[in-house]
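The values are calculated or read from the model by the stated rules, or taken from the named source; none is laboratory data. It should be emphasised that the depicted structure is a prediction, and the values quoted were computed from it without experimental measurement. Don't worry about glycine lacking a Cβ; one is built from the backbone with ideal geometry, like all the others, and counts go over all protein chains shown.
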Amino acid sequence: MAKSKSKKKSDTASTGNTLRKSKAREAMIIAADELFAELGGYEGGGYEATTVDLIVAKAGVSRRSFFNHFTGKADVLMLDFRAICDNHMAEFRARPDSEEPLLAALLAMEHMNESFFSNPDSKRRSSVNRRRFARQLRLGMKSTQWSLMGRWELLLAEEIARRLKGRDKSIRARILAGQASLIIRIASEQWFTQGLLKGESISKSMRKVEALVNKVVDEAYPIING
């Protein structure tokens, strides 16, 4: 009985900590979003003017708490690439081994997005993410984000290689990972800026971009090979 009560207390404390962390993270995202607009937006140098110190002061959290969630202001002001990469890898590993690697990578991203937007707060959160994505497109990726993108592509290639058979597995895996990365990035851009506003699913954008990329590859192959 004593052990049961102790476990319940532990579970309750763990749930409380998770909720507090989630609220702190959300507060920092909202604070950064508001500061960016207040300090000049795109044209007025809002990104440069929005500092970590200003974000934590407005959100009412510590710098330590900030860096427990983000690597820097690029992560909170723009897209959180670390979370996106980690979540996608988890989704990919959960896909059946029988699926073609490229398809598995694309379906993993689709499922990740569908899970996010099935959240009751999806309407408000999607609005925040659209603003962050718009900033990403206009201001470009920062060095830490390029580094995380490269890390994600390498990890994806390693996972894909485990599913392949035959010769040159690592090279083939790198090519497939690069193709998946290209399709996901372009499809995500199309979906966030157009499809989502029309109520379309990300799978529609993914299939369209996949078809276009495959067409370009098919057309370029004879040229590349002389």
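See the values below:
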quantity	calculated
Close pairs (7 angstrom Cβ cut-off, 6 or more residues apart or separate chains): farther than 30 Å from Ala134 by Cβ in region 80-100, of a type in the set (D, E, K, R) and surrounded by 15 or more Cβ atoms within 10 Å (Cβ to Cβ) anywhere	Arg93/Glu159; Asp97/Arg163
Answer residue from region 165-178, given it is touching a residue at least 24 places away in the same chain (Cβ under 8 Å) and surrounded by 15 or more Cβ atoms within 10 Å (Cβ to Cβ) and is farthest from the chain's Cα centre (by Cα) among those	Ala173
Selected residue (only one of Ser201, Ser181 is among the hydroxyl-bearing types (Ser, Thr, Tyr), surrounded by 13 or more Cβ atoms within 10 Å (Cβ to Cβ) and over 17 Å from Glu100 (Cα atoms))	Ser201
Qualifying positions in region 150-207 - under 17 Å from Asp86 (Cα atoms) and of a type in the set (A, V, I, L, M)	Leu154, Leu155, Leu156, Ala157, Ile160, Ala177, Ala180, Ile184
Those residues of region 61-111 which are part of a helix (DSSP H, G or I) and hydroxyl-bearing (Ser, Thr, Tyr), in sequence order	Ser65
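To keep it simple, each residue is scored yes or no on (1) at pLDDT below 90; (2) outside any helix (DSSP H, G or I); (3) in the same structural domain as Thr50 (by TED's automatic domain parsing).
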site	(1), (2), (3)
Arg138	yes, no, no
Glu159	no, no, no
Arg167	yes, yes, no
Arg174	no, no, no
Gly178	no, no, no
Ser188	yes, no, no
Gly195	yes, no, no
